[in-house]
Structures are given as structure tokens and as C-alpha cells.
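Remarks on the structure that follows.
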Amino acid sequence: MAGKTVPLTKDGLSKLQQELDHLINVRRAEASQRIHDAKEMVGAQNTPEYEDARNEQAFVEGRILTLETIIQNAVVIEVAHDHLRVSLGSNVTVQNHKGETENYTIVGSAEADPKGHRISNESPVGEALLGKCVGDEVQVNAPAGALRWTIISVD
């Protein structure tokens, strides 16, 4: 059964594939070695070191499964050629009522990074911007309160 499609940029897909390769080829072996060392150190399996190593292994294996699912269901976002309307993959410049500008890139939720101004299309800001055109005013009901912006450019 196919899962929900996951929109990703080419860079986002590449980063996830690199993370998956690192987990499989490096972190998995490190976690396994930690478990082995913890068993050897005290000869018992009910020690804090052993439990910590098992938890790390569980995290690594869980992240591997998550990344494999995301990559399997990935749909690469095509670069938008319409520089007037906001869509997935668009770089958007907005201006508030004080004249301050901010730039955002609209991406899928799997590669969202709000601190890096890469916002999910499913976030309140992303949903408010999608489909809007240069010159449109947008109001976003964010946790910090209502934000009002004018779309200055779409690349």
C-alpha cells in the first residue's frame, strides 16, 4: 500500500538520502558496537549503559524506517516558472506594515526548517501564502498573533 506523497525539493531529497546513508553505514554500526561493549563491560544486560545503547539503536532504526518511507513516497517539487503566484518550491518575499521584509521558501513538511525560513506548505504561514500573487495582502493567524503581509516577489 502506497503512503501519502511527500513533496521535497531536489536538495531536500538529497539531504535525506545522505542522512539515511550515514545512519545505515555509520550510526547503525556504532549503536551495535555500544551494545556489544556494554555487555562485555559488566556481563549483564540490565545496566544503564546497556539500556542507553539499546535506546540509541531503537532511535537509529526508527529514523531509518522513517527516512526510507519518506524517500519512497517522495515527489520532487518542480521549480515554479510562474513568478507571480506562490506554489511549492517558491521563494517568497513579504513585507509587513512597518516596511520590514522577510523571505520564505515554501517546502513540504519533511524538510521544513522555520529557523532557516523554509516553511511547510501545511503550516499556517505556508497555507496563507500558497496560491497568492505578487501584490496580494495576506493575513496569517500565527501563535504570536495576527500577521499582515504584502507579497513583494515570488521566485
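The values are calculated or read from the model by the stated rules, or taken from the named source; none is laboratory data. In this text, all values refer to a predicted model and were calculated from it rather than measured experimentally. Here the Cβ is made from the backbone with ideal geometry for all residues, glycine too, and neighbour counts use every protein chain on show.
Being farther than 29 Å from Arg118 by Cβ, touching a helix residue (DSSP H, G or I) at 6+ places or on another chain (Cβ under 8 Å), of a type in the set (Lys, Arg) and outside the structural domain of Asp113 (by TED's automatic domain parsing), is that true of even one residue in segment 47-54?
yes
Going through segment 94-119 one residue at a time, which ones are closer than 12 Å to Thr9 by Cα and either in contact with a Ser or Thr (Cβ under 8 Å, 6 or more places away or on another chain) or not hydrophobic (A, V, I, L, M, F, W, C) (or both)? Write out each step before concluding.
Here is the first cut: in segment 94-119, the residues closer than 12 Å to Thr9 by Cα are 105-112, 118.
Hits for segment 94-119 are Thr105, Ile106, Val107, Gly108, Ser109, Glu111, Ala112, Arg118.
Does segment 70-77 contain at least one residue that is of a type outside the set (Phe, Trp, Tyr), touching a helix residue (DSSP H, G or I) at 6+ places or on another chain (Cβ under 9 Å) and farther than 15 Å from Lys15 by Cβ? Full working, then the answer.
Restricting attention to segment 70-77, the residues satisfying the condition of being of a type outside the set (Phe, Trp, Tyr) are 70-77.
Then keep just the ones that are touching a helix residue (DSSP H, G or I) at 6+ places or on another chain (Cβ under 9 Å); that gives 70-71, 74, 76-77.
Then drop every residue that is not farther than 15 Å from Lys15 by Cβ, which leaves none.
No: segment 70-77 contains no residue that is of a type outside the set (Phe, Trp, Tyr), touching a helix residue (DSSP H, G or I) at 6+ places or on another chain (Cβ under 9 Å) and farther than 15 Å from Lys15 by Cβ.
Output the residue which, of all residues in segment 81-107 that are of a type in the set (Val, Ile, Thr) and touching a Gly at 6+ places or on another chain (Cβ under 8 Å), is nearest to Val134 (Cα to Cα). Walk me through how you get there before you give the answer.
Going residue by residue through segment 81-107, those that are of a type in the set (Val, Ile, Thr) are 86, 92-94, 101, 105-107.
Filter again for touching a Gly at 6+ places or on another chain (Cβ under 8 Å), leaving 86, 105-107.
Values: Val86: 8, Thr105: 15, Ile106: 15, Val107: 19 Å.
If we take residues in segment 81-107 being of a type in the set (Val, Ile, Thr) and touching a Gly at 6+ places or on another chain (Cβ under 8 Å), then Val86 is nearest to Val134 (Cα to Cα).
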